[in-house]
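Below is one structure, written out as structure tokens; the observations come after it.
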Amino acid sequence: MLFPKLTASIRRLFFHVVHEPRLRGPLLLMFLTLVIICFRATKLERPPSPVPSIARSIPFNPEQAQSAEEEREKLFHPFPFPDALQTQVAFWKKVFTEYTTKQAIIHDDRYMNVVYEVISIDFQEKKAQKEAIRTAVEKYETLLGSLAEHWDTPSKMTATEQQIRDLFRDIPESVHHKHKDAKGRIHVQIGQADRFQEGIIRSGQYMPAMKQIFAERGLPDKLAYLPLIESAFNPAAKSPVGAAGMWQFMKGTGKQYGLKINSMVDERKDPLLAARAAAELLGHNYESTESWPLAVTAYNFGLQGIRNAAKDLNTEDIATLIERYTGKRFGYASRNFYVEFLTAVDVCMRYTEYFGEIELKPPLELAQVRLPHYISPKTLEKHTSLSVKEIKALNPALASAVFRKNGMIPRHYQLNIPKDSQKVFEAQYAAIPEDSKYAYIPVKVRHKVRKGEALSQIAQRYDVRMKDIMRVNRIKNAGKIRIGQVLKIPGGYVAVADNPKAPSASSTESKAPPSPEGCTTYRVRKGETLIAIAQKHQTSVATISKLNDISDPGKVRAGQRLLVPSTTIKHKVKKGQTLITIAKLHNISVRALTKANQIRNPRRIKAGQVLIIPKG
């Protein structure tokens with residue numbers, strides 16, 4: 001409006017300058033002044049450069065708009081997609097399909113379409129990546145801090161500050177998040193396109209079975225896309241806070257929904273078992289909220305948390321909650337969880353539009369076989385068509401300890417095997433020798449730590465591994481046990497063939513049986529197991545059980561006298577052991593030990609030395 005008025009005034013002055021010679025001097029000065037004012041006005045009122053938008057580039061067509069809305073509703077049903085979330089979805093679509101894990105997006109965490117810069121973090125060292133991100137963040141903290149001081153006075157801004165301010169120009173300002181407070185909203189989002197594509201490829205193995213799991217429970221099968229944003233369908237995924245598996249269950253929540261988690265098995269890492277637990281959790285969330293946006297958000301934020309948020313704001317509208325709820329725990333991840341889910345559904349259902357013709361992994365056709373015994377993976381490899389590598393790949397729930405030396409797959413574990421080999425496997429398993437199948441004999445022994453005792457000495461006394469005692473007692477530092485502390489002593493395995501069903505052992509508890517030829521008598525020490533005694537005497541549990549008419553190998557008691565084969569026993573000295581500790585370990589005197597090994601100086605034994613243990 002100002003520019004046309006100034007132009008008219010200049011024209012009138014110019015007329016008087018030409019036709020009024022007496023006033024020419026003053027009028028000429030006024031004429032030049034108006035020209036300068038007009039020039040400045042044109043500079044200030046210059047219209048902003050057009051920002052690309054659908055509204056500017058395409059004429060509004062009501063029929064097309066209605067058609068797009070119907071298509072969107074059909075794609076996401078029964079999950080609502082409010083118009084207010086379109087900006088966020090557009091941002092996450094770029095994160096999932098354009099920017100890779102070698103790129104970092106520096107952006108406003110409330111106005112998601114305000115992207116300051118996308119930087120490269122293509123460095124091998126994590127330290128270099130963090131440094132590049134830190135430098136970029138500090139740069140924009142400085143710029144936005146300076147910009148905030150004169151946000152409403154553009155004439156005082158530098159060209160760079162003006163460019164940043166222009167990013168907010170066409171964005172309506174929320175009363176809850178002022179534009180000029182942008183310094184406190186800087187966020188760094190790492191791109192996910194390469195990771196997301198890998199996740200889509202992996203999803204082919206699990207998606208059909210997972211959709212079926214949700215459908216069987218009457219839940220929308222689109223919930224099966226959640227692992228894309230949780231783990232990219234990686235069964236081994238683990239978060240810094242302890243969530244594990246494809247569905248990212250915390251330990252407590254996993255147990256609450258029926259997943260077994262112990263030192264041998266973590267069912268959070270089994271994709272289908274975890275999917276069943278996730279279906280139960282999401283179903284419960286929906287029953288409690290009667291809103292899918294809230295139920296999905298509760299998967300990340302917690303059911304009570306999202307119910308509190310809805311109550312505080314007196315609304316169940318997810319867009320309103322995302323914009324206005326300011327609970328401490330309702331951070332960036334929780335605010336964006338439902339939006340990420342919608343985006344994942346869109347991208348995965350139309351992945352060829354974003355990634356081209358990629359080949360998904362074929363669906364896994366699995367059968368589950370319940371194992372009746374403890375058994376080694378190597379034994380299964382030896383006697384069945386399954387390799388240890390296959391067992392590990394098909395059973396991610398099995399802990400790494402199972403695949404170490406002397407590790408066992410636990411009894412009653414549901415072993416995943418290829419569906420087409422189930423009958424063959426069952427026949428092969430039945431043919432495995434009984435002495436390769438094990439039962440577990442728990443030792444109901446507790447040891448009270450005495451003054452001067454070390455954990456290594458306690459382990460030697462009970463003939464168990466120190467790390468097993470640490471595991472069952474949750475001890476992190478072997479040097480930090482205290483006097484009076486009561487420790488649980490773990491049990492051991494016994495072959496099924498060595499576990500005879502003989503008559504009661506009550507007669508063996510009162511009086512030792514007569515000593516057959518080739519045997520000697522051994523007195524059971526406190527805490528000793530039949531397994532440990534058999535190992536000491538280089539014999540089997542079955543042999544000792546038969547010699548002593550023992551029906552239950554787990555029920556020997558301190559002071560009980562047993563017949564054991566009189567074969568030579570050898571002991572390899574371990575670091576820190578003395579003749580006294582070795583003698584106590586084998587229930588003999590130091591004198592007998594020194595005599596049997598012709599030791600002149602009891603202090604001069606060394607680690608690795610092999611000693612003969614005389615019969616006690």
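Structure notes:
- Residues residue 365 and residue 430, FRET efficiency given R0 of 22 Å [Cβ-Cβ distance, rounded to 0.05]: 0.45
- Extending 7 Å from Cα along the Cβ direction at residue 381 and again at residue 173 yields two label points whose distance is 6.7 nm.
- Structure note, pairs 130/183; 251/526; 139/251: Cα-Cα distances above 28 angstrom occur for 251/526; 139/251.
- Note on residue 449 and residue 485: the extension gain reaches 12.4 nm, defined as 0.36 nm multiplied by sequence separation minus the Cα-Cα distance.
- Full extension of the chain between residue 584 and residue 421 yields a length gain of 53.5 nm, computed as 0.36 nm times the residue separation minus the alpha carbon distance.
- Cross-link table 102/476; 382/555; 93/255; 389/437; 260/419; 405/572, entries beyond 25 Å C-alpha to C-alpha: 102/476; 382/555; 93/255
- Region 366-432: translational diffusion in µm²/s, Stokes-Einstein, Kirkwood Rh over Cα pairs, 10 °C, 1.306 mPa s: 135 µm²/s
- Loop sites in region 233-335: GluC sites (Glu not before Pro), DSSP, at most 10 other Cβ within 10 Å: 290
- Distance in nm between pseudo-label sites at residue 596 and residue 304 (7 Å out along the Cβ direction from Cα): 6.1 nm
- Segment residue 75..residue 472, full-extension length gain: 137.9 nm, with 0.36 nm per residue of separation and the alpha-carbon distance subtracted.
- GluC sites (Glu not before Pro) restricted to region 99-145 and DSSP loop, no more than 15 other C-beta within 10 Å: 125
- Spacing of the modelled spin labels on residue 315 and residue 126, each 7 Å from Cα toward Cβ, amounts to 4.0 nm.
- Residues listed by number, region 569-611, amide nitrogen under 16 Å from residue 543 label point at 7 Å toward C-beta: 569-571
- Other residues within the sphere of radius under 15 Å centred on the Cβ of residue 412, judged by their own Cβ, net out at +2 (K and R +1, D and E -1).
No value in this document is a laboratory result; all are computed from the given coordinates. Values in this document were obtained by computation on a predicted structure and should not be read as measured data. So basically every Cβ, Gly included, is an ideal-geometry build from the backbone, and we count neighbours across all protein chains shown.
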